[in-house]
Structure formats: C-alpha cells, structure tokens
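The values are calculated or read from the model by the stated rules, or taken from the named source; none is laboratory data. None of these values were measured; they are calculated from a predicted model. Here the Cβ is made from the backbone with ideal geometry for all residues, glycine too, and neighbour counts use every protein chain on show.
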Amino acid sequence: MDLAGRLAEYALSVKHQNLDERTAKEIKARLVDALGCAIGAFDEGPVAMARRFASKASDRGPSTLLGTGSASAPPVATFVNGLMMRYFDFNDTYLSKEPAHPSDNLAPCLAVSQAEGAGGKELMAAAVAAYEIQCRLCDAADIRHRGWDHVNYGLVSASLAAAKLMGLGAGESTQAVNIALNGHIAMRQVRAGELSMWKGASFANAARNAVFAAMLAREGMTGPSPIFEGEMGFFKQVSGPFTLDVEGFGGRNGKYKVAETYVKYWPAEYHAQTAVWAALEIRKKVKDMGRVESVLVETHEAGYTILAKDKEKWAPRTKETADHSLPFIVGMALLHGTVDNSTYGDDNISDRGNLAFVKKIKAAEDPALTAMYPGAMANRLTVKEKGGKETSAQVDVPRGHPGNPMGREEIEAKFLKLASGKVKGSEAREALRRLWRLEDERELGGVLSLLRVQHPSKA
C-alpha cells in the first residue's frame, strides 16, 4: 500500500477511547492555547481582512468564525480561524528535521467538527491524529532547505483529520490526500526576506485547501496517485525519498507526538525563545543598557538561517518580519525586559532608540549549539559594556518545552491574558472549564459561543 493509503488507515484508527490520559490532557491544553491566541488576535488587520472576505464569500454556514456570532462554510471558517490562531506567532511548535506549528491543524478540526455535528471526543481524536501525522512527517524529511514551506505537511494532516471527521473510508481519505497534496504546494519564500501578512496565513490556506479536498473526495473525486512515490510525486519534486514507519506511530507501537510539542511562553519565533530567556538573565547583571557597546548572539543553524541571515531581519519593517528577527527580539528583550504582542507595533519598529540598539547586535552560528539541535534550541548572549566588562548567558531549553513544561495554571493565565478586554472574564473562565472537559461536549457551538468578542473593532 502506498504511503497516502497507510496514513489514511492510521488516521481512521485513532479513537478517543484509546487515548492515554496524558495525550488527552495535552491535546486539550493545545486547544486552550490556540483558542487564546486566536481571540487575542481578533482585532488585528489581516484577521479583519479575512473576516470581511468571509462575509462576502458566504454569510451562512455551520462553522463558527471565532470571536463572532457568525458562521461560514468549513473551508472559509478554517482559513479565518487558522489565521487567527497563527497571527501572533504564539501558538505551539514542533522542531525536528522540519519545523511546524501543529496546532494549526485545530482550525480545520473545529470547522469540520461543527459541520458534521461532532462532539469533543471526535474533535480530540481527529486533532491527535493530525498532530501525529504532521510531526512524523517533520521527523522524516527536511523540506525547508529545498525551498518548500512546512505547511505542505499540513496538507496531509489536515485533509486526513477532515476526512476522519466526515466519516470517510480509507479509500476516500487517501483521495483527499492525493487532491490536497498535488494541487497546493507552498514555497518557502513566505518566510524569506521581508515577511508579509501571508506568513500567518500560509497554513490557514493549506488547511482550507485540505478541507476542500476532503469535501471533494466525499463526492467521489479522485486525485493523482501514488502522490508520494509517483514518477512526478512528492518524493521526486519536493522532499526527496524517505521512509515512514506508520506502525511506530502513537497508539500502535509508539507514543503520541502531541506531548512532544512545545507551548510558547513568548510571542516570537520558537528558535528565539531561549534568546529571550538569556536576555532576561543578562538584565539581572547589566542594569544600564545605555552602557552596552555590543551584543553577540551565538545561535544554532536554524536560529541563524531563519532569524538572522536575511538583511531584512536587521531592520524589520513589518510585524511579521519583526517577530522573526533574532536581533530585534533580543534587542527588545534587553531594553524592555519582556516581549509581548505590542513589541512588534509600528512605534517600536520605527523607534530610533530601538533601531540604534539593534545595530549594536551581531549574530553568528555556533556549530556546538547546532549539534545540540533539535533536542535543544540554545542561544548564548554576550553583552560588552563600556569599560570592557562582558556578561554572558546561555539558555538551552525554554519554558514550554517538554523538558521545561508550562503547567495548567500558566496555560490558563496565557489564555486569560490574551482574551482580556475582548471576552467577559466570567465567560472566558467558563470556556476554560468546559475546554478542560472537552470530552463531555456533545457539540462545539456552545463552548465557542462563550468566546464571542464583546466589543469588536470596526477594522
């Protein structure tokens, strides 16, 4: 059987009743985290653009547009909600041969669950399957160095999650993968140079296409096969050949991957998380940043090539570039002692003092730190003050990593902070209570209605 067929059979085999306690807890934590990120981004410009598009594309549908009393068709809701979850660069991460943000799969899972009348148990099983498939693909092959975006793996995971929720058989589910993967390959240019609004929309669009592919497969549409192994298939054109032991996946002979994914403590690209923590350690010893002459950031290969190699990262002009700029993130953490969503506002990006400080920063790859990756994503900062005093700090694993996990209280605090000023406190807390008991929800509209934004902007 070809790989698409084996992945389809695996996705259909994942059942809620077979999830271990930790996996069930972790997938609910990821949903809480992603929904907080989504509501927090409700008023952001690209999100408002997507909602305006949704209102023109379809004013009716079964799938909630998060933060609103409106609903739309599943592919449209998938796009809008996926953009919301991803916009702040605050949702979860997985680092392997290929990096990923597995909670991007939750937007299609939510949209299709509502469309199909599925409840919390079905949503959890589909989400766990999606996490597993995307993370295992990331373990199998690096595609970013070949010029392709990681969201291409999401075409597979999201289409199979959608097919599973639709109740499709293995054959139809395989066709969903064939259709999604053949027609929608995304280029890595979305994360190179000056970053555009599409950075936050790339997976949302992949997921939209994946849901659409599953809907077509349900009607009998077929796609090119074998999509991975074929003469002009994914192996040949995109990834290079790889093997995938589906029998070693979670629920079979392996452990589910969701517990190995990372929750973000700071709204910044994940490879910079330890750099922020190192900057905070530096601040404990360097009290006057006005005395700083230079800052050296020694990082790993991914941290350098993704966050520091391009000249645009050294003078970011967009929010999307700034939250993927190692020098800007480090500079703001050193100057202000924190990184939050306001860090990437136009005022900060254009502030002369901030820009002058960033010019004092240099970055370089340290092969020793690269050798630690992806088990650690270390950054080392060395600050030199006037008079020659040097202060260094290195952090290998950030808060939120499985080796340094955020607890339930921290995840709830992040959710409540993101929802503050948008959702009534009592309703946000009730939503949390119900999300932690997601398996008891027979339908999802009720809990999502608790997250309706009370005073939406006119953006």
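Of the numbered conditions (1) part of a helix (DSSP H, G or I); (2) farther than 15 Å from PHE415 by Cβ, MET1 satisfies every one except a single condition; which is it?
(1) is the only condition that MET1 fails.
Among the residues that make up the stretch 44-67, is at least one of them in a helix (DSSP H, G or I), in contact (Cβ under 8 Å) with a residue 12 or more places away in the chain and closer than 28 Å to GLY169 by Cα?
Checked against the condition, which is being in a helix (DSSP H, G or I), in contact (Cβ under 8 Å) with a residue 12 or more places away in the chain and closer than 28 Å to GLY169 by Cα, the stretch 44-67 yields no hits at all.
What's the total number of residues in the stretch 402-423 that are under 13 Å from PHE90 (Cβ atoms) and either of a type in the set (D, E, K, R) or touching a Ser or Thr at 6+ places or on another chain (Cβ under 7 Å) (or both)?
Going through the stretch 402-423 one residue at a time, the tally reaches 2.
Out of the residues in the stretch 149-185 meeting the condition of being surrounded by fewer than 21 Cβ atoms within 10 Å (Cβ to Cβ) and at pLDDT 95 or above, tell me which one is nearest to VAL246 (Cα to Cα).
ALA170
Of the residues ARG22, ARG86, ARG30, ARG60, only one is surrounded by fewer than 22 Cβ atoms within 10 Å (Cβ to Cβ), modelled with pLDDT of 95 or more and of a type in the set (Lys, Arg); which? It would help to see each step written out before you state the result.
Working: ARG86 fails: surrounded by fewer than 22 Cβ atoms within 10 Å (Cβ to Cβ); ARG30 fails: surrounded by fewer than 22 Cβ atoms within 10 Å (Cβ to Cβ); ARG60 fails: modelled with pLDDT of 95 or more.
None of the other options fit; the residue is ARG22.
Kindly evaluate PRO327 against the criterion of being free of Cβ contacts under 8 Å to residues at least 60 places away in the same chain and touching a Phe, Trp or Tyr at 6+ places or on another chain (Cβ under 7 Å).
Values: free of Cβ contacts under 8 Å to residues at least 60 places away in the same chain: yes; touching a Phe, Trp or Tyr at 6+ places or on another chain (Cβ under 7 Å): yes.
It is true that PRO327 is free of Cβ contacts under 8 Å to residues at least 60 places away in the same chain and touching a Phe, Trp or Tyr at 6+ places or on another chain (Cβ under 7 Å).
Scan the stretch 409-427 for residues that are part of a helix (DSSP H, G or I) and farther than 15 Å from LEU35 by Cβ and report the count.
Residues in the stretch 409-427 being part of a helix (DSSP H, G or I) and farther than 15 Å from LEU35 by Cβ: 4 in total.
Of all residues in the stretch 239-254, how many are surrounded by 14 or more Cβ atoms within 10 Å (Cβ to Cβ) and either within 13 Å of LEU137 (Cα to Cα) or outside the structural domain of ALA140 (by TED's automatic domain parsing) (or both)?
Total satisfying the criteria: 5.
Tell me which residues, restricted to the stretch 231-281, are more than 16 Å from ARG6 (Cα to Cα), among the basic types (Lys, Arg) and part of a loop (DSSP other than H, G, I, E, B).
LYS255, LYS264
Specify the residue that is surrounded by the most Cβ atoms within 10 Å (Cβ to Cβ); the eligible residues are those in the stretch 367-386 that are under 26 Å from the mean Cα position of the chain (by Cα) and assigned to a loop (DSSP other than H, G, I, E, B).
MET377
Among the residues of the stretch 438-459 satisfying the criterion of being surrounded by fewer than 16 Cβ atoms within 10 Å (Cβ to Cβ), modelled with pLDDT of 95 or more and not charged (D, E, K, R), which is nearest to GLY36 (Cα to Cα)?
Selected residue: SER449.
Just to be sure, is LYS362 modelled with pLDDT of 95 or more, assigned to a strand (DSSP E or B) and closer than 30 Å to SER196 by Cα?
Considered against the rule, which asks whether it is modelled with pLDDT of 95 or more, assigned to a strand (DSSP E or B) and closer than 30 Å to SER196 by Cα, LYS362 comes out as yes.
Restrict the check to the stretch 101-112 and report whether at least one residue is surrounded by 21 or more Cβ atoms within 10 Å (Cβ to Cβ), in a helix (DSSP H, G or I) and β-branched (Val, Ile, Thr).
Scanning the stretch 101-112, I find at least one residue that is surrounded by 21 or more Cβ atoms within 10 Å (Cβ to Cβ), in a helix (DSSP H, G or I) and β-branched (Val, Ile, Thr), so the answer is yes.
Restricting attention to the stretch 33-53, does a residue exist that is hydrophobic (A, V, I, L, M, F, W, C) and at pLDDT below 95?
Looking for residues that are hydrophobic (A, V, I, L, M, F, W, C) and at pLDDT below 95, one finds at least one in the stretch 33-53, hence yes.
Output yes when any residue across the stretch 223-241 is farther than 19 Å from GLU172 by Cα, aromatic (Phe, Trp, Tyr) and out of contact with any His (no Cβ under 9 Å at 6 or more places or on another chain), and no when none is.
yes
Of the residues GLU298, GLU281, GLU293, which single one is crowded, with 19+ Cβ neighbours inside 10 Å, touching a residue at least 40 places away in the same chain (Cβ under 8 Å), acidic (Asp, Glu) and in contact with a strand residue (DSSP E or B) (Cβ under 9 Å, 6 or more places away or on another chain)?
Being crowded, with 19+ Cβ neighbours inside 10 Å, touching a residue at least 40 places away in the same chain (Cβ under 8 Å), acidic (Asp, Glu) and in contact with a strand residue (DSSP E or B) (Cβ under 9 Å, 6 or more places away or on another chain) holds for just one of GLU298, GLU281, GLU293, which is GLU298.
Let me confirm something: among ALA393, ALA419, which residue is closer than 26 Å to VAL258 by Cβ, of a type in the set (A, V, I, L, M) and at pLDDT 95 or above?
Of the residues listed, the single one that is closer than 26 Å to VAL258 by Cβ, of a type in the set (A, V, I, L, M) and at pLDDT 95 or above is ALA419.
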